[in-house]
Amino acid sequence: MENKQKWSLTITPKDKLLAFDWRELWRYRDMFVLFVDRNFRTAYKQTVLGPLWFIITPVLSVIVYVTVFGGIANIPTDGVPPILFYLLGISVWGYFASCVSATSNSFVTNADIFGKVYFPRIIMPLVAVTTNLLSLAIQLAIFAVFYIYYAATGTELVIRWQIVLFPLLILLLALMAVGFGMIFSSLTTKYRDLQIMLNKIIALWVYVTPVIYPLSMVTNPKLHLAMSLNPVTPVMEAVKYALLGQGQFSWLWLGYSVGFTFILLLCGLMLFNKVQKSFMDTV
């Protein structure tokens with residue numbers, strides 16, 4: 001009589017494009033933590049300054065921005081000390097840009113791991129946004145130090161009640177980055193040129209987002225509307241309004257960003273589920 005071995009777990013491709021098993025993701029939480037720890041430790045491995053680069057990079061960027069855009073170009077900062085204005089913008093925008101870049105490379109950079117062991121593939125985009133969250137926390141700590149200094153020296157600064165929304169605003173940026181990242185990571189398994197194109201898009205994207213200048217200086221109605229349609233703009237403006245007291249806070253435009261992110265995540269998840277069945281054959 002033939003003995004048939006019964007398997008305790010059978011791994012099969014997801015048939016539904018929107019299929020997602022949250023319980024499976026929770027079962028692999030230990031692996032998620034290990035990947036986050038690995039990424040953070042290896043970010044500046046074998047460098048002399050190590051984690052200090054998390055501090056040096058934004059500080060150098062602020063110096064350049066203050067010198068070029070504030071000193072030479074005389075771009076206004078709505079009465080906010082330029083260091084605070086640029087440091088907050090660079091930190092928040094840098095988090096979003098880093099998350100998009102990291103998640104868009106999820107399939108290609110982790111192909112070796114995917115080919116050896118099974119775990120929910122969506123863990124890797126989530127690892128990317130979590131790892132970058134640690135660097136964002138360090139940069140925000142630097143911002144807090146400068147904020148306290150300016151407040152102690154008599155500079156009038158306003159923190160509005162919308163600061164309670166700050167974690168939700170960062171979460172919104174993270175989800176938006178995951179959506180973009182899943183779409184590009186799915187497409188770059190076959191079309192590697194898209195990764196190069198994405199890097200160029202991110203480099204130009206910052207100039208159509210109120211990071212180095214306030215949205216209030218855009219007086220042309222059509223251009224103002226076009227920039228507001230950038231889904232990152234309402235979030236950036238809300239962050240500056242909450243922490244610096246300047247900017248434009250709008251529930252309507254934030255609702256637009258939330259709706260855009262929701263649709264983006266659905267599209268990204270469908271494409272991600274479709275490609276992950278066979279990406280090892282094309283990566």
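The values are calculated or read from the model by the stated rules, or taken from the named source; none is laboratory data. Bear in mind the structure is a predicted one, so any value in this text is a computation, not a measurement. All Cβ positions, even for glycine, are placed from backbone atoms using ideal geometry, and neighbour counts span all protein chains on display.
Structural remarks
- Check on G94, at pLDDT below 80 and in a helix (DSSP H, G or I): no
- Whichever residue in the range 69-85 is outside any loop (DSSP other than H, G, I, E, B), over 12 Å from P210 (Cβ atoms) and modelled with pLDDT of 85 or more and, among such residues, is nearest to the chain's Cα centre (by Cα): L84
- If you go through the range 228-257 and keep only what is aliphatic (A, V, I, L, M) and surrounded by fewer than 17 Cβ atoms within 10 Å (Cβ to Cβ), you end up with L229, L252.
- Test: residue in the range 180-202 that is among the polar types (S, T, N, Q), farther than 18 Å from L252 by Cβ, in a helix (DSSP H, G or I) and in contact with a Gly (Cβ under 8 Å, 6 or more places away or on another chain): yes
- Tabulated pairs, the range 61-72, first without any contact (Cβ under 8 Å) to a residue 40 or more places away in the chain, second of a type in the set (A, V, I, L, M) and part of a helix (DSSP H, G or I), C-beta under 8 angstrom, 6+ apart or interchain: S61/I90; V62/I83; V62/L87; V62/I90; V66/I83
- Restricting the first member to the range 253-276 and to residues that are outside any helix (DSSP H, G or I), and the second to residues that are among the aliphatic types (A, V, I, L, M), the beta-carbon pairs closer than 9 Å and six or more apart or on different chains are Q276/I122.
- Condition check for V164: under 24 Å from K274 (Cα atoms), of a type outside the set (S, T, N, Q) and under 21 Å from the mean Cα position of the chain (by Cα): no
- Condition broken by Y191, with the remaining ones in (1) at pLDDT 85 or above; (2) over 24 Å from P58 (Cα atoms); (3) surrounded by fewer than 22 Cβ atoms within 10 Å (Cβ to Cβ) satisfied: (1)
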